[in-house]
Amino acid sequence: MEELKVRNIIIPKQGKESTNYKRFLELVKEKNIKVHISKLGDKIKIEKNVNIEILWPAEELITSNILNNNSLVMKLSYNSFSMLFTGDIEKIAEEEIVNKYIRTNKLNTKIIKIAHHGSKTSSIQEFLNLAKPRITLIGVGANNNFGHPNEDVLKRLEDLRL
């Protein structure tokens, strides 16, 4: 936000104050940026036929690794195209999301941004099975210190193609 022109921001309810969050609030005020505190079920119209639906976090926040597991999970839809953004959620959040949406097509998507940089704590098989993505994206740096993406996650993604 210090370098980019930002007009609007969508964030979930925060479960924990941090130095980064305080700096974020300062920048928002300083640059007069509109902030939308999202909640489960919100539908945000971007433009005609382009919408974002908030699928997570739930009203009752997960207390384990509170910042990661209460990341926004959003589904962008444009006509019959969709993309699922998963933030940094981990297994515990994915299990709750699976339980919430198991009897729906809400997670079904053409493209998914894999959660938590493909870490071993995310991308459980049940979550991936519900999403049924045709394309998966993982945001990682080359030779990162965390070993992302995890080999087991890559194997689960490969198994989706069978």
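The values are calculated or read from the model by the stated rules, or taken from the named source; none is laboratory data. Since we're looking at a predicted model, the values are computed, not measured. Note that each Cβ is placed from the backbone with ideal geometry, even for glycine, and that neighbours are counted across all protein chains shown. Calculation scope for accessible area: heavy atoms of the full protein, side chains included, ligands and nucleic acids excluded. Shrake-Rupley method; radii C 1.70, N 1.55, O 1.52, S 1.80 Å.
Note on the chain: GNM, Cα springs under 10 Å; of S64, S123, S38, the largest mean-square fluctuation is that of S64. Scanning the chain for GluC sites (Glu not before Pro) lying in DSSP loops with no more than 12 further Cβ atoms inside 10 Å, the longest uninterrupted stretch between such sites is 61-162. Using a Gaussian network for the chain with springs between C-alpha atoms less than 10 Å apart, which of these wobbles most: K120, K34, K75? Result: K34 has the largest fluctuation of those listed. Converting phi to 3J(HN,Hα) with the Karplus coefficients 6.51, -1.76 and 1.60 and the offset θ = phi - 60°, segment 97-111 yields 5, 4, 4, 6, 10, 4, 9, 10, 9, 4, 8, 4, 8, 7, 10 Hz in sequence order, with x at every glycine or proline. Principal axis analysis of the Cα atoms in segment 12-162 yields extents of 50, 41, 30 Å, listed in decreasing size.
Dipole magnitude for the chain: about 640 debye, using +1 per Lys or Arg Cβ and -1 per Asp or Glu Cβ, origin at the Cα centre. Ellipticity at 222 nm from helices only: DSSP H runs of n ≥ 4 in the chain, each -39500 (n - 2.57), divided by the residue count, give -8000 deg cm²/dmol. No solvent, one uniform scatterer per C-alpha: report log10 I(q)/I(0) for segment 1-92 via the Debye equation at q = 0.16, 0.21 1/Å, two decimals. Here log10 of I(q) over I(0) equals -0.75, -1.15.
Which distance in Å, rounded to a whole number, links the C-alpha centroids of segment 91-162 and segment 29-78? Measuring centre to centre over Cα atoms gives 19 Å. Entry note, the chain: relative contact order of 15 percent, from Cα contacts under 8 Å with a spacing of 6+ residues. For S38, nonlocal amide neighbours, meaning residues 5 or more places apart or on other chains whose placed amide H falls under 5 Å from its own, are I11, K13.
At a probe radius of 1.4 angstrom, the accessible area of the chain per residue rounds to 64 square angstrom.
Taking only protein heavy atoms and a 1.4 Å probe, the accessible area of the chain is 49% carbon and sulfur. For segment 125-135, 3J(HN,Hα) computed residue by residue from phi via the Karplus equation (6.51, -1.76, 1.60; θ = phi - 60°) reads 4, 4, 5, 4, 4, 6, 6, 6, x, 8, 10 Hz, glycine and proline entered as x.
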